[in-house]
Amino acid sequence: MCKIMSLFLTLVFAFFPLNFSAHAAKKEFIFGLLLVGPYNDHGWSQAHYEAAKAVEKELEGVKLLYIDKVNPADRPGVTIPQLVDELVSKGAKFIIANSDDMKDGIREAAEQHPDVYFLHISGDDVLTGKAPKNLSNLMGKMEYGKMMAGFVAAMTTKTGKIGYLGPLVNDETRRLAVSSYLGAKYAWEKVLKRDPKKLIFQVSWIGFWFNIPGVTADPTQVTQNFFNSGFDVVISGIDTTEALVVAGQKRKEGKNVWAIPYDYKDACNEAPEACLGVPYFNWKPGYIHFVKSAMNGNWRQEWLWLEPDWHDINNPDTSSVGFTPGPALKPEVKKALAEFQKKLGDGSLNLFVGPLYYQDGSVFLSKGEQATDTKIWYMKQLLKGMIGPSSAK
Amino acid sequence: MKITDWVIVILAVFSVTTVVLFLVGAPPIDAYMLIFKGAFGSWRHFAQVLNVWIPLVICSCGLLFTFNMGLWNIGVEGQIMLGAVGSTFVIKACSSVFSPSLILVVAGICAILGGALWAVAAGFLKIRGNVHEIFSGLGLNFVAQALILWLIFGPWKRPGIASMSGTEPFPKSLWFPVPAGWRVSPFMIGLAVVLLLATAKVLQATRWGLVLKALGSNVKAAGVYGISVNRNLFFAMLCAGAFAGLVGFFQTTVIYHRLIPAISSNYGYLSLLVVMLAQYNWKPVPFIALLFAILQVGSIQLPLMLRIDSSLSGVIQGLLVLTAIGVMYARRRS
Amino acid sequence: MDVELKHIHKYFGPVHANKDISIKLSSGTIHGILGENGAGKSTLMKILAGYIPCSSGQILINGIPVKYSTPTEALKYRIGMLYQDPLDFPALKVLENFVLGIPDIPFLNSQKSFKKMFHDLCRQFGFSIDPESSVRRLTLGERQQLEIIRLVAAGASLIILDEPTTGISVAQKETLFRALRFLADEGRIIVVVSHKLEDVMSLCDVVTVLGQGEVVGEVVQPFDPNELLRLMFKEIPAPVPRCTLKCGHPLLWMDRVSAPGGRCGLKECSFTVKEGEIVGLAGLEGSGQNLFLRVASGLVEPTRGEIYLGKEKLTHKGRQVFKNKGICFIPTDRLAEGLFPDLTVSEHFVLTKFDDSFFIPWDKVEQVSVNNIIKFSIKGDSNSKVSTLSGGNQQRLLLSLLPQNPKLILLENPIRGLDVESSSWIWSYLQSFCLKGTAIVFSSSDLDEIFGVAHRIVVFFDGKIVLDSPLEEVSLEEVHQAIAGVT
């Protein structure tokens, strides 16, 4: 057996001179990207992947190294610090971790590599002071995107029943579900002027950002349950497009239902005829900001929560959050949406204004009170009027 | 198997893998190079290999006991999970009461008990219910997985959060100590080596080891010799479960520092392959485990550098076992 | 068809089981293969039938060398073998088994035509088997008949029988011999492997004697028994003396014991054996005698009744307790139930003679096993796996594993398949135990053996004890009647 092992090793060593190099001869700046899902998931991870690709193309001398499906179910035994070691040994000077789930791992890795810069997407380690100096946070103000999603959902629904396909439960996901609800409520009560009691807004959580068979609830199943029990619009809060796919199937069966996917600007392509639109992230402006500061050596620890560019929320170079209207959106709703967007943009409309109450009846915002960023960021419960658990059972 | 057989096996696997690589359009030599460099490129890489090698060796040692007796302890996955649950339980329950080192020791013991309990459950079903250990093992694996999910989503959820991603990480003081710059615990390497040698000693030099081998050879003759099948089955399962539980402890306190749904990293199933490839003999185990660990760790380079799926390492591991079995069969026929 | 074996060699690891064997088998003859156990008979026949490949040498059919590596391929060359334990599917019906055993049947379309074929063959050979009964219910002799019919229907021109007269009744033996003679007269070759001189002499035309893996002689009719014996053994064995000790106190007492298992279970059996007594159990195969031995040894738990050793109740105590009290059991099927095939000779001594050691004292074990190998003249060394030993040597090994002073030795067909020399050696060794007061209970399908060595005979029929008598008080006639269930 020993002999075999040595034979094996010599064999491999024999190929050693053929060594091809990852860090090419010319000086380049390498940045790494850890994607939680597949790079082509039509959702969260693809949005990140495309932004990183765009950065690679736009900035001279910048090279991207990425690895996708970084989660213990897809890559058993592989840890975040291990992958960071890997990227660093390949020459990466700046590393992005794109999932909330990587929070602890990326912090550990940042502590191990003080000479490398890190960016954790959607985290708050900078706010809480847990982060070392070389770790920053980035997020887009998706609240606005979700408000638009809620708005078109309420404008479109025939039954008055809107389903929200939630991932796991935390501050971020509660915040986004609440934003969707506020958008829907506004459309229902202020635009359509219908009876507030007739609007049903229900949240179902699957337990993770995407389906892990046997571990999470199956999003396909959950969506079907919504459609089968009278809901006709489902807003997706998860990284992948099951809600839209199911809606497309139901339409083929003759049911008049719609869905609103999430995360990625071309997500509607999966089933355009059922798609009311998609609120999406555009990570490019944020990425470019951090890559540049890491390259130029003027890095500064930041917690960035980037707004849409209200002049043109779909501008890929300036707007961090956008909303692509879907093919299924009716013209009159589209017009109402433009109006809604305008009001949000010029500040004449703020949906996070009191009185608003948490699910348990306690006060979230007292009458006339405008919510601060921190108050919105740390959303402790769903709001009164929404159906569904605010935390795990 | 003789040395020549091993050469045949490895050459065969290499050629099939090369064909597979050609088919997916990857340059085979680069792929092998990457795997190799991904495993030996630096101390960090090799430390990573050792972090896979340790659980594979420990788990394989436990499986040697059951395999020698002719038992198919498929339930080893669940036994690892229960070990992880056991150690997490202690760390959650006692973190404020005792000193960290004491907690880690208690967590280790509790992990061993957890794994052993799960193994003994399969043994009990076999003895009392006459349920084949493959079926009970598979069933108990599912139950263990469900238990972990329930714990993560329920009693051990992170405050204010409901996510399947795992429990709150343990406080740093309760991470199993790893010397700065090492990335792998020398204590655990030592432990794996000691356990391997102890297993070898027990199986080769003690009467009990021989009894297990005898039962593996012919269970029906046991009665004539007054050897109790049930008692030995119980103890063999107990050993396998205890070793697997230790792997669960390793995974939670050394690698992940929390409980996650995929805590076992499939090392149980991988160890079954290791021991089968070793033909239930202890001597090849550390080498095969090393080869598997190299593949496991090195193959992460494939998606990173060549954009091909890292499950190729799984293909190579499976091919190794299948070809080895083929060669053994061919030997026996001639 | 003429078949010739030329310079056949077979190695099992270091063991040279067949050494340069050349035999001509000619059409129309019944060819006997005679030899001591471990002489290489079974190995040679397995090579001829395609169960195992030879290490070197050739098989020629009508002068043309042929190669085959499975029994199915051998059957294509019209060579078929009956096994000591017929290989069939016990759960199936006789007719199904018959049909399955014939290779290359195009379709299973005509049950009727097969039934007719089966009936014709049965009539031809004077066999009487019910095609609708399940194979499990057949006696050993009937299974043998089924196998012969199957081979004939499959077109075998060379039929090999390994110890065909073991375990079948006298009437069945006569039928068998008539059928074999008939088949030979039709031009087939019949090869009979046996250690029973009497059978070989009355049946065969030619006899090849093997010894130590080599051909030691070939003899044709008429045979001289002394010549054959001389060829088989260097010296002719003396008949076994009967142990003459007067029997002592009652040792094992079974009170109305019933147990499930076998073909008919065990029904309300009461039985006592005294110290130093030798009891032979007779009966048709599967009448309960072997189940009785398993109950007495603690391997099978009785459903009703009690078992006492002296004054101590042993019922439901489990095999370990029985064993610790000095009750030993040696089953017939040595490799399946008595030994661990993958373990070496010395490892067996560790399991039986080194109960108290945690670590194995290999020096001492080696010493013990070498001593026993010499004492029991086992052909093999302490590191041979027991599966490579021949049947006789396995039996000797089992005897050498017995403790120093057992209270009771239970044996199932102790000399089945063994040659005269081994048998006589084994019985003289067993009788040395009786002189020390050990009781021996054994089952045998050979009444000569029981009448030769036992003090008492117990006959089983349909799971019940139908006769229990000292040998001097019973006639052979009465025993025959009891075995057949005539009362």
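Below are the figures for this structure:
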| read-out | value |
| --- | --- |
| Wholly enclosed strands (runs of 3 or more DSSP E) of region A:167-284 bearing at least 1 residues within 14 Å of another protein chain (Cβ to nearest Cβ) and within 23 Å of residue A:71 (Cβ to Cβ) | A:200-205 |
| Inter-residue pairs, beta-carbon under 8 Å, first within 8 Å of another protein chain (Cβ to nearest Cβ) and in region B:36-55, second part of a helix (DSSP H, G or I) and hydroxyl-bearing (Ser, Thr, Tyr), 6+ apart | B:41/A:89; B:42/A:89; B:44/A:89; B:45/A:89; B:52/B:267 |
| Residue list for region C:446-485, filter: surrounded by fewer than 20 Cβ atoms within 10 Å (Cβ to Cβ) and under 21 Å from the mean Cα position of the chain (by Cα) | C:446, C:447, C:448, C:451, C:452 |
| Condition broken by residue A:29, with the remaining ones in (1) touching a strand residue (DSSP E or B) at 6+ places or on another chain (Cβ under 9 Å); (2) farther than 30 Å from residue A:208 by Cα; (3) at pLDDT below 90 satisfied | (3) |
| Members of region B:45-101 that are of a type in the set (Ser, Thr, Tyr), under 22 Å from residue B:260 (Cβ atoms) and assigned to a helix (DSSP H, G or I) | B:87, B:88 |
| Which listed residue, of C:59, C:33, C:21, is outside any loop (DSSP other than H, G, I, E, B) and touching a Gly at 6+ places or on another chain (Cβ under 8 Å) | C:21 |
| Odd one out for residue B:171 among (1) at the interface with chain A (Cβ under 10 Å from one of its Cβ atoms); (2) within 23 Å of residue B:90 (Cβ to Cβ) | (1) |
| Residue among C:140, C:161 that is at negative phi, in contact (Cβ under 8 Å) with a residue 60 or more places away in the chain and buried (at least 23 other Cβ atoms within 10 Å of the Cβ) | C:161 |
| Meets criteria (within 22 Å of residue A:177 (Cβ to Cβ) and not polar (S, T, N, Q)) for residue A:280 | yes |
| Matching helices (runs of 4 or more DSSP H) fully within region C:344-444 where at least 1 residues are in contact (Cβ under 8 Å) with a residue 60 or more places away in the chain | C:391-400, C:420-434 |
| Selection from region C:360-376 of residues that are exposed (fewer than 14 other Cβ atoms within 10 Å of the Cβ) and within 13 Å of another protein chain (Cβ to nearest Cβ) | C:362, C:363 |
| Candidates C:339, C:343, filtered to the one that is facing another protein chain (nearest Cβ under 8 Å), within 19 Å of residue B:224 (Cβ to Cβ), surrounded by fewer than 23 Cβ atoms within 10 Å (Cβ to Cβ) and not hydroxyl-bearing (Ser, Thr, Tyr) | C:343 |
| Top-ranked residue in region C:282-329 [being in contact (Cβ under 8 Å) with a residue 40 or more places away in the chain and among the hydroxyl-bearing types (Ser, Thr, Tyr); ranked as surrounded by the most Cβ atoms within 10 Å (Cβ to Cβ)] | C:287 |
| Test for residue B:214: is it assigned to a helix (DSSP H, G or I), within 13 Å of chain C (Cβ to nearest Cβ), crowded, with 24+ Cβ neighbours inside 10 Å and without any contact (Cβ under 8 Å) to a residue 24 or more places away in the chain | yes |
| Qualifying residue in region B:147-156 (condition: among the hydrophobic types (A, V, I, L, M, F, W, C), outside any helix (DSSP H, G or I), touching a residue at least 40 places away in the same chain (Cβ under 8 Å) and within 27 Å of residue A:207 (Cα to Cα)) | yes |
| Hits in region B:257-276 - residues which are assigned to a helix (DSSP H, G or I) and surrounded by fewer than 24 Cβ atoms within 10 Å (Cβ to Cβ) | B:269, B:272, B:273, B:276 |
| Residue that is without any contact (Cβ under 8 Å) to a residue 24 or more places away in the chain and either surrounded by 21 or more Cβ atoms within 10 Å (Cβ to Cβ) or in contact with a strand residue (DSSP E or B) (Cβ under 9 Å, 6 or more places away or on another chain) (or both), where the choices are A:100, A:115 | A:115 |
| Residue that is farthest from the other protein chains (Cβ to nearest Cβ), among those in region C:306-336 that are among the aromatic types (Phe, Trp, Tyr) and in contact with a strand residue (DSSP E or B) (Cβ under 6 Å, 6 or more places away or on another chain) | C:308 |
| Which listed residue, of B:78, B:70, is surrounded by 24 or more Cβ atoms within 10 Å (Cβ to Cβ) and at pLDDT 85 or above | B:78 |
| Those residues of region B:158-174 which are crowded, with 18+ Cβ neighbours inside 10 Å and touching a His at 6+ places or on another chain (Cβ under 9 Å), in sequence order | B:169, B:170, B:174 |
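The values are calculated or read from the model by the stated rules, or taken from the named source; none is laboratory data. Computed from a predicted model, the values in this text were never measured in an experiment. So basically every Cβ, Gly included, is an ideal-geometry build from the backbone, and we count neighbours across all protein chains shown.
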